[in-house]
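See structure below.
The values are calculated or read from the model by the stated rules, or taken from the named source; none is laboratory data. Remember, it's a predicted structure, so these values are computed and weren't measured experimentally. Reconstructed Cβ throughout: ideal geometry from the backbone, glycine too, with neighbour counts over all protein chains shown.
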């Protein structure tokens, strides 16, 4: 069950790969700009979740 405990890292990896592929094929058109903004918001949200989960793990470990 180790994958369940680390699913937040897998989610961060997937969102990061998605953002990288978006940036590699980025063209200054309206849909790409909207996708970049929404992807950035999602990336920041997932980073917040990872930070919260890891902080909670450390507090319960001690």
remark   = Note on segment 32-52: residues over 17 Å from residue 16 (Cα atoms) and modelled with pLDDT under 90 are none
note = Among the residues of segment 3-40, the number that are assigned to a helix (DSSP H, G or I) and closer than 22 Å to residue 56 by Cβ is 13
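Yes/no matrix, rows are residues, columns are (1) without any contact (Cβ under 8 Å) to a residue 40 or more places away in the chain; (2) surrounded by 11 or more Cβ atoms within 10 Å (Cβ to Cβ); (3) on the phi < 0 side of the Ramachandran plot:
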| site | (1), (2), (3) |
| --- | --- |
| 9 | no, yes, yes |
| 22 | yes, yes, yes |
| 27 | yes, no, yes |
| 41 | yes, no, yes |
| 46 | yes, yes, yes |
| 55 | yes, no, yes |
| 58 | yes, no, yes |
